[in-house]
Amino acid sequence: MLHHVDGERLWARLMAMARIGPVAGDGNCRLTLSDEDEAGRALLASWCTARGFALRRDAIGNLFFRREGRDPAAPPVLVGSHLDTQPTGGRFDGILGVLAGLEVLETLCDLGLETERPLDLCVWTNEEGSRFQPAMMGSGVACGILPFEQALAACDADGVRVADELSRHGYDTEPVPDIGPADCYIELHIEQGPILEASGKTIGVVTGGQGIRWYEIALTGEETHAGPVPMRLRKDPVPVLARLIDLVQEIGNRDPEARCTIGTVRALPGSINVVPGRVEMTVDLRHPDEAELNVMHDALIQGCGALAKRFPDIALEVAPRWHSPVVRFDATLAGQVKSCCERLGLATRDMVSGAGHDAFHLARRVPTVMIFVPCRDGISHNPREYASPEDATAGADVLLAMVLERAGACG
Ligand code: HGY
Ligand code: MN
Ligand code: MN
């Protein structure tokens, strides 16, 4: 028998969540462990506890809302995503997966359907990696991939540590994170790219995710006055920055599957009439093939070495900061997503995720799959991010069908 979620309730929840940490252009800013992030979590908790889903938290701040099954000892089915956003993020990235997960649990209550297995709605801390690096932090710690101490020590631009924020919100008294046994993890998410929308299909069956490498690069010369000092006598890091930008673009343009992003550049001290003494920048490299990602890595490191030789007055430091390898999701689960979509009359296409997700870590501990829905013009990490009510509801219906299939509906 086919069941459907209450799409209007889901949409109302998405819009209510979007009122927390609003930014211009219908976007959101709920940076990890900020007061806005906590306010979003509190709103979710109010909805969950109103339906009797008991909350468990861990010491990295992950949240787990449980709907009990007939067999409390059975490994649970996990659904969920993240509530933290980029500084100028959208209303759907992560949030759709969390609120669709809540919608599935509530729909089961509304239908009076029990499941054999317990269900956990998971909210992972710091998926975005914007305020604190690396990304996918809470799920990485819970899956034993990111050392807990390393996560606690991560600092934001103001020197505030993850540990400080966790204790400010009272998470530090909770049990040390570990995901434990689970039947599977299923994450619904907007695609955050243009492929699904362009294909005219409603559901992306995500078979895996591309590899990611992050770097911090510092170029150090010498601050000096912008007026008296002739160009040839300066130790100005900006000309090296210009060539580094060309290098990163050139690495990206070699291969249509490659993705290279310089997301942050800072010239210090940052005054119009001071030659910068230091430039700091970040690089994000991605590729769906691990070997090709390594080729990109080598090209960046070798290119930096050549620039350091060519400009001996400028100290060039390149620090690899994070590596999330290419990940494959569970083929059986992907097949089940497809058959659920067939029953629901939803057109699908297979795809690999360009964006990183907590599911990348979960996939290394439990059978995992992702379900994508389109986002308008492929725009994300942008206040203009938008998924339609119809697509959000369709994605939640697939999530419901998968949960019923995996958790064993009874009664
Ligand atoms: O970096 C990513 O792809 C994700 O948005 N954290
Ligand atoms: Mn996300
Ligand atoms: Mn994101």
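The values are calculated or read from the model by the stated rules, or taken from the named source; none is laboratory data. A quick note: this is a predicted structure, and the numbers were derived from the prediction, not measured. When we count neighbours, we look across all protein chains shown, and the Cβ atoms used for this are built from the backbone with ideal geometry, even at glycine. Areas reflect the complete protein model, heavy atoms only, side chains present, ligands, DNA and RNA absent. Shrake-Rupley method; radii C 1.70, N 1.55, O 1.52, S 1.80 Å.
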Practice task
Scan the stretch 80-103 and give yes if some residue there is more than 30 Å from Ile379 (Cα to Cα), in the same structural domain as Thr32 (by TED's automatic domain parsing) and over 20 Å from the mean Cα position of the chain (by Cα), otherwise no.
Solution key: no
Handout entry: Residue list for the stretch 341-359, restricted to those being more than 17 Å from Leu121 (Cα to Cα), touching a residue at least 24 places away in the same chain (Cβ under 8 Å) and of a type outside the set (Gly, Ala, Ser)
Key = Cys341, Arg343, Leu344, Leu346, Thr348, Arg349, Asp350, Met351, Val352
Practice task
Considering every residue within the stretch 152-164, establish whether at least one is hydrophobic (A, V, I, L, M, F, W, C) and within 16 Å of ligand 3 (Cβ to nearest atom).
Solution key: no
Handout entry: Residue match in the stretch 20-34 (condition: at pLDDT 95 or above, within 16 Å of ligand 2 (Cβ to nearest atom) and more than 16 Å from the chain's Cα centre (by Cα))
Key = yes
Exercise for the section: Go through Gly80, Gly40 for me and flag whichever is out of contact with any His (no Cβ under 7 Å at 6 or more places or on another chain), away from ligand 1 (no atom under 16 Å from the Cβ) and at pLDDT 95 or above. Expected result: Gly40
Handout entry: Members of the stretch 313-330 found to be open to solvent by 80 Å² or more (accessible area, probe 1.4 Å) and closer than 19 Å to Pro288 by Cβ, listed by number
Key = Arg328
Exercise for the section: Tell me which residues, restricted to the stretch 160-193, are more than 28 Å from Val77 (Cβ to Cβ) and of a type in the set (D, E, K, R). Expected result: Arg161, Asp164, Glu165, Arg168, Asp172
Completion exercise
Over the stretch 339-357, the set of residues closer than 30 Å to Met137 by Cα and either surrounded by fewer than 12 Cβ atoms within 10 Å (Cβ to Cβ) or of a type outside the set (Val, Ile, Thr) (or both) is Arg349, Asp350, Met351, Ser353, Gly354, Ala355, Gly356, His357
Problem - Matching residues, the stretch 36-60, being open to solvent by 40 Å² or more (accessible area, probe 1.4 Å), charged (D, E, K, R) and in contact with a Lys or Arg (Cβ under 6 Å, 6 or more places away or on another chain) - result: Glu36
Practice task
Answer yes or no: is there a residue in the stretch 326-335 that is farther than 19 Å from Val240 by Cα, away from ligand 3 (no atom under 16 Å from the Cβ) and polar (S, T, N, Q).
Solution key: yes
Problem - Enumeration of residues in the stretch 180-215 that are of a type in the set (Asp, Glu) and open to solvent by 40 Å² or more (accessible area, probe 1.4 Å) - result: Glu197
Exercise for the section: Name the residue, out of Ala291, Ala363, Ala299, Ala355, that is within 16 Å of ligand 2 (Cβ to nearest atom), under 30 Å from Leu241 (Cβ atoms) and out of contact with any His (no Cβ under 6 Å at 6 or more places or on another chain). Expected result: Ala355
Practice task
Filter the helices (runs of 4 or more DSSP H) completely within the stretch 287-383 down to those with at least 2 residues that are of a type in the set (A, V, I, L, M, F, W, C) and away from ligand 1 (no atom under 16 Å from the Cβ).
Solution key: 290-310, 331-344
